[in-house]
Amino acid sequence: MKSAVRLLLVTILFAAAAAAAAPIEAWLVSGPAPVALPAFHDEDPGKVALADLLDFPARDVARLRPREGVDGWRRAATADGATTLASGGAAEAWLFTYVEASRWVEPTLELEGKHPLKVWLDGEPLALTDKDGLRTATLKLEPGLRRLAVRTLRDTALSEPWTLKAALSLEADAPSPAFVAPLVPTVVPTRPTDIRDELDAPKATALAVSPDGELVALSLAAHAPDGKRETWLEVRRVKDGSLLFDRRGAAAPAQLAWLPDGKAYSYVSESDGKSTVWVHDLATGATRPALRDIEHFGSYAWNPDGRSLVHAYGVEAEADERQVKRLRAIEDRWPGWRDRSYLVETTWPGGASRRLTAGAVSAEGWSFSPDGACLLFSRTWPDPLARPYARAVWSELNLADLSVDVVLEDRWADNVAYGPDRNTLLVTGSPSAFDGLGNTLPAGVTPNDYGGQLYLYDRGAGKATPLTRDLDTVVQGAVWHRDGRIVAEVLDGQYVRLMSGTREGTWRALDAGVEVVGDWDAAERGKVVVCTGTGAVTPQRVTVVPLDGKSRLLVAPGAEHFADVTFGRVEPFATTLADGTLLDGLVYYPRDYVPGREYPAIVFYYGGTSPITRDFGTRYPKNVWTGQGYFVYVPNPSGAVGYGQEFAARHVNDWGRRTAGEVIEGTQAFLSAFPDVDPARLGCIGASYGGFLTLYLIEQTDMFRAAVSHAGISNISSYWAEGYWGYSYGGRALADSFPWNAPELYVEQSPLYHADRITTPLLLLHGADDTNVPPGESDGMYIALTMLGKEVEYVQVEGQNHHILDHDRRIVWNDTILAWFARELRDDPGWWNALYPEGAGK
């Protein structure tokens with residue numbers, strides 16, 4: 001039946017085996033419109049001929065995405081690829097088409113016509129070769145919807161008609177599925193998403209809600225087509241999302257905050273390494289500095305009394321002139337570990353400052369008491385003799401006399417904040433905090449101490465009360481609202497939610513209007529939260545979340561950017577494994593999914609302590625993959641938090657023993673449930689711990705035809721010793737297991753020691769400056785597989801750490817992954833060869 005479907009779909013514009021030129025007959029046209037040469041055009045120097053007008057930027061071609069019937073664009077009358085433009089004198093016209101490429105292709109664009117013209121591809125001008133009126137250019141098209149624009153001028157000195165004939169020719173240098181045209185010109189702008197959408201679309205990067213909940217300040221950013229980052233600030237009314245005002249063209253606004261009276265807000269700008277805190281008064285419109293040109297600026301907060309603000313600033317440690325360094329602690333390997341951060345209070349509006357803290361250890365995680373009389377902060381010391389290898393002490397600073405009282409010492413407490421008064425503290429910590437008060441596991445089972453719990457701590461009684469112990473969710477942040485409720489951000493399997501709770505430990509989910517909550521802020525006095533968030537196929541939204549009621553959309557920053565983008569559908573996919581474990585997961589369908597066709601698939605996992613949530617985009621943008629015709633299966637195997645403590649505890653000392661089998665069994669169930677997935681074209685990818693899992697997986701199975709490991713751990717011992725946080729991550733993931741007492745774990749679970757088992761073609765990726773998982777982890781695996789004669793590629797990204805954050809390098813890194821899967825899963829090496837041509841030093 002599938003072959004019959006394919007036969008019916010073979011009637012396409014470009015047959016896969018054809019190399020003849022195919023005419024472009026899908027054009028939008030704007031014009032013709034009269035054109036005149038500028039005044040004094042015949043003076044020399046500065047003389048201008050008609051063709052010279054083509055170099056004047058008459059339109060913003062980089063942003064041009066026309067629609068039929070909008071702004072004067074109409075469908076051109078084209079016959080056999082020729083479009084005739086009528087005009088009685090000198091004139092200009094624009095022609096525009098979208099070209100949908102199903103794979104990497106290098107077609108030749110052919111243009112016939114005597115009149116002057118200029119051509120742009122995706123906003124960049126093309127260099128044309130002109131021979132006897134036939135102008136040609138070789139295009140390099142990535143998969144997706146490309147934009148081809150032509151500007152042409154009628155030269156009255158020419159006798160030939162003002163006609164443009166266009167065609168694309170394509171050599172059949174790579175196979176395409178019978179039902180997929182390699183190239184399809186179209187006037188319809190509907191398209192799949194690509195990596196530039198994830199990087200360039202407008203997003204809210206920070207927000208702050210006014211104390212009364214009436215206004216919200218938003219910091220936003222986007223990348224322009226030329227790659228430059230644009231930032232701006234908006235203030236909107238919470239009740240209807242209307243814009244009160246925006247501020248553009250200034251330095252990037254960061255660290256938004258409202259003054260306690262709600263009449264002004266503040267933000268930080270940076271210039272030449274110095275930071276200034278600006279205060280904008282809503283009533284007068286005046287903006288003035290509260291702090292100016294502070295070096296090594298950290299964070300700041302306003303005193304609830306409104307009469308001062310406190311900020312942190314850093315002091316760099318002096319380097320040894322001998323250029324030697326005797327380590328003081330394991331952490332002393334980290335650059336900047338010896339630097340210190342101190343607190344300073346500055347009056348407002350007076351500007352008088354005083355030093356609040358000093359000493360050998362930084363004051364961190366600080367916040368004001370509700371009455372503004374005190375500061376709560378932590379100081380942390382290394383402690384290599386007991387997990388988690390650090391000792392944190394929380395103290396209270398009296399701002400009247402700068403006296404200090406120790407409030408709490410607990411190595412498993414992550415954050416401590418004031419509750420409704422100075423005696424009641426809201427503590428976020430692991431299940432092991434307060435001597436295991438939040439732990440629900442049987443004796444002898446080590447909890448996953450990345451699983452955040454919430455506690456109330458009574459200072460007077462010295463007693464803690466667990467608030468979330470019986471929930472499967474984990475707490476990622478919480479605030480005490482003035483009306484007596486607690487607002488918490490929780491990780492709940494695939495979702496990140498907001499919840500409202502009481503000091504008695506009763507909880508209910510708030511309707512946030514998104515699947516994965518990002519940044520959020522609760523109004524101090526108003527009963528409202530504003531948050532950013534996304535969904536599996538929903539770009540970022542900013543929503544208003546009443547503490548009692550339904551959410552509503554405030555603004556969708558990227559709505560215009562994504563107006564023409566469509567996505568495949570996403571479904572939950574949970575399967576019960578042989579041992580009774582319920583393996584949660586997601587399935588992303590190809591955007592062009594048609595039942596009965598066969599598709600390749602990518603299995604994406606992490607396998608470490610965190611689940612993969614339903615975020616839009618991220619560093620591993622599933623919708624980009626599905627836009628290129630892949631199914632994507634995302635399992636969340638044992639060890640992930642957000643599914644209860646017993647499930648999460650399986651992460652401790654596992655290192656693939658259980659999780660690899662679950663991914664394999666889950667993938668088998670996925671293949672059984674989705675018969676349109678071709679099991680012979682199955683790829684897998686993971687990063688960091690997921691990169692480790694990739695390496696471990698392909699030593700256990702040959703079910704994958706291609707694999708990708710970004711920053712994967714190949715040798716647990718070297719990662720534990722050389723990664724900046726290897727030993728501290730080991731304090732939770734390798735609890736009480738060390739190379740000297742558990743050599744079987746460090747050796748048998750390390751993929752490097754079993755590299756000879758690998759038969760799957762493997763792509764290794766690594767940031768060359770990775771301090772988390774050092775590049776040596778990929779180096780070792782590359783050396784081993786190369787010496788074993790295995791199929792392996794290794795791409796390092798220069799100047800990047802654990803995450804590839806640079807805009808342009810991230811595009812190349814993303815394209816490398818897609819090109820690898822195209823090469824291995826589609827037998828289409830064109831894109832890979834274009835990125836990394838043999839013998840070109842790449």
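For residues in segment 128-149 being in a loop (DSSP other than H, G, I, E, B) and open to solvent by 20 Å² or more (accessible area, probe 1.4 Å), which is farthest from residue 591 (Cα to Cα)?
132
Which numbered condition in (1) in contact (Cβ under 8 Å) with a residue 40 or more places away in the chain; (2) within 31 Å of the chain's Cα centre (by Cα) is the only one that residue 303 fails?
All conditions pass for residue 303, except number (2).
Any chance you could count how many residues in segment 236-261 are open to solvent by less than 70 Å² (accessible area, probe 1.4 Å) and not in a strand (DSSP E or B)?
9
Filter segment 621-654 for residues that are in contact with a strand residue (DSSP E or B) (Cβ under 8 Å, 6 or more places away or on another chain), within 16 Å of residue 441 (Cβ to Cβ) and among the charged types (D, E, K, R) and give the result.
None - no residue of segment 621-654 is in contact with a strand residue (DSSP E or B) (Cβ under 8 Å, 6 or more places away or on another chain), within 16 Å of residue 441 (Cβ to Cβ) and among the charged types (D, E, K, R), so the list stays empty.
Looking only at segment 630-678, how many residues end up being farther than 25 Å from residue 472 by Cα, part of a loop (DSSP other than H, G, I, E, B) and either charged (D, E, K, R) or open to solvent by less than 20 Å² (accessible area, probe 1.4 Å) (or both)?
2
Kindly indicate whether any position in segment 152-160 is assigned to a strand (DSSP E or B) and open to solvent by 30 Å² or more (accessible area, probe 1.4 Å).
The answer is yes; a qualifying residue exists.
Mind checking which residues of segment 501-531 are of a type outside the set (A, V, I, L, M, F, W, C), open to solvent by 10 Å² or more (accessible area, probe 1.4 Å) and farther than 17 Å from residue 238 by Cβ?
Hits for segment 501-531 are 502, 503, 504, 505, 506, 508, 515, 518.
Within segment 391-417, which residues are open to solvent by less than 30 Å² (accessible area, probe 1.4 Å) and in a strand (DSSP E or B)?
392, 393, 394, 395, 396, 397, 407, 408, 413, 416, 417
Within segment 541-562, which residues are assigned to a loop (DSSP other than H, G, I, E, B), of a type in the set (A, V, I, L, M, F, W, C) and either within 20 Å of residue 222 (Cβ to Cβ) or without any contact (Cβ under 8 Å) to a residue 24 or more places away in the chain (or both)?
Selection gives 556, 559, 562.
Is it the case that residue 228 is open to solvent by 50 Å² or more (accessible area, probe 1.4 Å), more than 27 Å from residue 363 (Cα to Cα), charged (D, E, K, R) and under 24 Å from the mean Cα position of the chain (by Cα)?
Yes: the conditions hold for residue 228.
Table: residues versus (1) open to solvent by 40 Å² or more (accessible area, probe 1.4 Å); (2) at pLDDT below 95.
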| site | (1), (2) |
| --- | --- |
| 73 | no, no |
| 77 | yes, yes |
| 82 | no, yes |
| 85 | no, yes |
| 88 | yes, yes |
| 95 | no, no |
| 99 | no, no |
| 114 | yes, yes |
| 119 | no, no |
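Can you list the strands (runs of 3 or more DSSP E) found entirely within segment 311-381 that contain at least 2 residues being open to solvent by less than 50 Å² (accessible area, probe 1.4 Å)?
Those strands (runs of 3 or more DSSP E) span 340-347, 364-368.
Looking at segment 431-451, which of the residues that are touching a strand residue (DSSP E or B) at 6+ places or on another chain (Cβ under 7 Å) and open to solvent by less than 10 Å² (accessible area, probe 1.4 Å) is nearest to residue 393 (Cα to Cα)?
Among them, the one singled out is 433.
Looking at (1) within 39 Å of the chain's Cα centre (by Cα); (2) under 30 Å from residue 562 (Cβ atoms); (3) modelled with pLDDT under 95, which is the one condition that is false for residue 56?
(2)
Does segment 211-221 contain at least one residue that is within 20 Å of the chain's Cα centre (by Cα), assigned to a strand (DSSP E or B), within 30 Å of residue 815 (Cβ to Cβ) and not polar (S, T, N, Q)?
yes
Six or more apart or on different chains, Cβ atoms under 7 Å: show the pairs whose first residue is in segment 37-54 and more than 18 Å from residue 89 (Cβ to Cβ) and whose second is in a loop (DSSP other than H, G, I, E, B) and among the polar types (S, T, N, Q).
Partner pairs satisfying both residue conditions: none exist.
Using the structure shown, decide if residue 483 is more than 21 Å from residue 621 (Cα to Cα) and modelled with pLDDT under 95.
Judged against the criteria, residue 483 is a match.
Of these, 100, 92, 112, which one is farther than 25 Å from residue 51 by Cα and in contact (Cβ under 8 Å) with a residue 40 or more places away in the chain?
None of the other options fit; the residue is 100.
Kindly evaluate residue 600 against the criterion of being at pLDDT 95 or above, assigned to a loop (DSSP other than H, G, I, E, B) and either farther than 18 Å from residue 709 by Cα or polar (S, T, N, Q) (or both).
no
State which residue is nearest to residue 343 (Cα to Cα) when the search covers only segment 395-451 and only residues that are of a type in the set (Asp, Glu) and touching a residue at least 24 places away in the same chain (Cβ under 8 Å).
This residue is 396.
Which count do you get for residues in segment 418-430 that are touching a Gly at 6+ places or on another chain (Cβ under 6 Å) and surrounded by fewer than 21 Cβ atoms within 10 Å (Cβ to Cβ)?
1
Counting only residues that are in contact (Cβ under 8 Å) with a residue 24 or more places away in the chain and assigned to a loop (DSSP other than H, G, I, E, B), which one in segment 452-466 is farthest from residue 404 (Cα to Cα)?
Selected residue: 452.
Would you point out which residue out of 711, 755, 742, 707 is farther than 30 Å from residue 678 by Cα and either surrounded by 23 or more Cβ atoms within 10 Å (Cβ to Cβ) or at pLDDT 95 or above (or both)?
Of 711, 755, 742, 707, the one residue that is farther than 30 Å from residue 678 by Cα and either surrounded by 23 or more Cβ atoms within 10 Å (Cβ to Cβ) or at pLDDT 95 or above (or both) is 742.
What number of residues within segment 109-127 satisfy the criterion of being under 19 Å from residue 162 (Cα atoms) and not in a strand (DSSP E or B)?
4
The values are calculated or read from the model by the stated rules, or taken from the named source; none is laboratory data. Values in this document were obtained by computation on a predicted structure and should not be read as measured data. As a convention, Cβ positions derive from the backbone with ideal geometry for all residues, glycine included, and neighbour counts pool all protein chains shown. Remember, those area values only see protein heavy atoms, side chains included, never the ligands or the DNA or RNA. Shrake-Rupley method; radii C 1.70, N 1.55, O 1.52, S 1.80 Å.
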